[in-house]
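Structure first, then comments.
The values are calculated or read from the model by the stated rules, or taken from the named source; none is laboratory data. All values reported here derive from a predicted model rather than from experimental measurement. Because the Cβ atoms are built from the backbone with ideal geometry, glycine has one as well, and the counts that use them run over all protein chains shown.
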Amino acid sequence: MIEASKNPFSALEMWDDEIITINEGDEKKKVDAKHYRIRYLIGESEDKRFVDGGSDDIAELTEKTIFLAPSVHRLTGDPFHYDHARVESISGTTRISERTKELNRHPACEDHETVEVIFESPGVECCAMSKEQAEKMHVPLQYVAGYILGKEDGVLKVALSKTVVDDETQYYDNIHLIPESAVKQLSCLE
């Protein structure tokens, strides 16, 4: 693995309470669960609104919103990019503080559940460009953060989301299968 450009976006783990349906034999059962996702913080804003309370005074309401992307990528010599269509937002200062946790990168790690992987990914879409620009393109680096599921047969498996049922059973989704030969850097997130 080589030293890749440091990702300027910090990773956040966020979670929501859910009720999911699971199969137990022939029976379907609804159970409480938590759905966890790791995303990159790509921006935040303060929204100010005015609310008519029915009196002569107009109340001011301020709310914080954060914007998150599941991955970012970078082409040599270009700034970082992310898919604008996949940006999520969370609003409300209380919801943000109670349902998100900032994750810190650690360059060396072993047997860690959450990781950031930097790898060469030809499948990353970028921006509109001319034919001449496209001909000069190289394979970009993609940055994803998620839950490591393991390494087997030269393939690293990373899920961007997981759901944990009350009995601690875990289900993973949005799984990336990354050839280890394409991985440029792997770091732990805590």
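Quick notes on this structure:
- Among (1) hydroxyl-bearing (Ser, Thr, Tyr); (2) closer than 25 Å to residue 44 by Cβ; (3) out of contact with any strand residue (DSSP E or B) (no Cβ under 9 Å at 6 or more places or on another chain) - the single one residue 143 does not satisfy: (3)
- The residues in segment 89-109 that are assigned to a strand (DSSP E or B), exposed (fewer than 12 other Cβ atoms within 10 Å of the Cβ) and touching a residue at least 60 places away in the same chain (Cβ under 8 Å) can be counted, and the count is 1.
- The residues on offer are 48, 30, and the sole one that is modelled with pLDDT of 90 or more and either in a strand (DSSP E or B) or closer than 30 Å to residue 121 by Cβ (or both) is 30.
- Search result, residues across segment 28-39 that are surrounded by fewer than 18 Cβ atoms within 10 Å (Cβ to Cβ), of a type outside the set (A, V, I, L, M) and touching a residue at least 12 places away in the same chain (Cβ under 8 Å): 32, 34, 35
- Meets criteria (β-branched (Val, Ile, Thr) and either in contact (Cβ under 8 Å) with a residue 24 or more places away in the chain or within 30 Å of residue 17 (Cβ to Cβ) (or both)) for residue 139: no
- When residues in segment 70-88 are screened for being surrounded by fewer than 19 Cβ atoms within 10 Å (Cβ to Cβ) and either assigned to a strand (DSSP E or B) or touching a Cys at 6+ places or on another chain (Cβ under 6 Å) (or both), 3 of them pass.
- The set of residues in segment 38-72 being within 17 Å of residue 92 (Cβ to Cβ) and under 23 Å from the mean Cα position of the chain (by Cα) consists of 39, 41, 43, 44, 45, 46, 63, 64, 65, 66, 67, 68.
- Put simply, of 177, 156, 189 the only residue that is surrounded by 17 or more Cβ atoms within 10 Å (Cβ to Cβ), within 23 Å of residue 73 (Cα to Cα) and out of contact with any helix residue (DSSP H, G or I) (no Cβ under 6 Å at 6 or more places or on another chain) is 189.
- Candidate set from segment 9-27 (those that are free of Cβ contacts under 8 Å to residues at least 12 places away in the same chain, of a type outside the set (D, E, K, R) and part of a strand (DSSP E or B)); member that is nearest to residue 143 (Cα to Cα): 21
- Selection of strands (runs of 3 or more DSSP E) fully inside segment 120-190 by the criterion of at least 3 residues being within 17 Å of the chain's Cα centre (by Cα), modelled with pLDDT of 95 or more and among the small types (Gly, Ala, Ser) returns nothing.
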